[in-house]
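Participant: For reference, the structure I am asking about is given below.
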């Protein structure tokens, strides 16, 4: 895994988390993504379980954004 | 590890200045090729990047629904959703190809996903919301 890319992604992720906080959003999913990125970078590989967890988180976030706007 | 902690501290202090206009996420994963295959680890990295992009998009949508930004955001988000609703289709294909180690098809879909995410970022950027760098 490209450590520089992981670090850049982590830093950008943190800036997004701060924005989520500023608009009163649940930051848990984004925090978990950043944490998992660091953990995965340290381990060097990703397990099937980690991959599934990432995918579940992403699927939920996509579904949430794709929901029609409410009034 | 020390560098990571330093980077976190620096970012947290700098990040206090962040606003929705400056939301930045990364999607700098390049393009896939036979020489640069889509491994499960790379897939995970890409999905993490896309998750962060969607976290930024969610913040945009929430701000819009709460009336914190101009009402034109509603139409802008509808336009962005035209692209974002295509993402799950590509993701499903990509996950299958990677798990089957079908690198030829995985590479094609990976690069299509990259283009689609770039289109989503451009759509958001055209409306003053930066969800990618």
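The values are calculated or read from the model by the stated rules, or taken from the named source; none is laboratory data. Note that the structure is predicted; figures quoted are calculated from it, not measured. Neighbour counts are summed over all protein chains in view; Cβ atoms, including those assigned to glycine, are modelled from backbone coordinates with ideal geometry.
Participant: List the number of the failed condition for residue A:18; all other conditions in (1) within 30 Å of residue B:72 (Cβ to Cβ); (2) not in a helix (DSSP H, G or I) hold.
Facilitator: (2)
Participant: While we're on this one: How many of the residues making up the stretch B:103-133 are surrounded by fewer than 15 Cβ atoms within 10 Å (Cβ to Cβ) and assigned to a loop (DSSP other than H, G, I, E, B)?
Facilitator: Of the residues in that region, 2 qualify.
Participant: Looking at the stretch A:21-33, which of the residues that are surrounded by fewer than 18 Cβ atoms within 10 Å (Cβ to Cβ) and part of a helix (DSSP H, G or I) is modelled with the lowest pLDDT?
Facilitator: A:22
Participant: So, one more: Name the single residue, out of those in the stretch B:80-95 being within 12 Å of chain A (Cβ to nearest Cβ) and more than 16 Å from residue B:58 (Cβ to Cβ), that is surrounded by the most Cβ atoms within 10 Å (Cβ to Cβ).
Facilitator: So the first thing to find is which residues in the stretch B:80-95 are within 12 Å of chain A (Cβ to nearest Cβ), and the list is B:80-92, B:94-95.
Within this subset, residues satisfying the condition of being more than 16 Å from residue B:58 (Cβ to Cβ) are B:82, B:86, B:89-92, B:94-95.
Values: B:82: 11, B:86: 16, B:89: 13, B:90: 17, B:91: 20, B:92: 13, B:94: 23, B:95: 18.
By that ranking, first place goes to B:94.
Participant: Those residues that are more than 23 Å from residue A:29 (Cα to Cα) and either surrounded by fewer than 17 Cβ atoms within 10 Å (Cβ to Cβ) or at the interface with chain A (Cβ under 7 Å from one of its Cβ atoms) (or both), I need them from the stretch B:36-79; list them, please.
Facilitator: B:36, B:37, B:67, B:70, B:71, B:72, B:74, B:75, B:78, B:79
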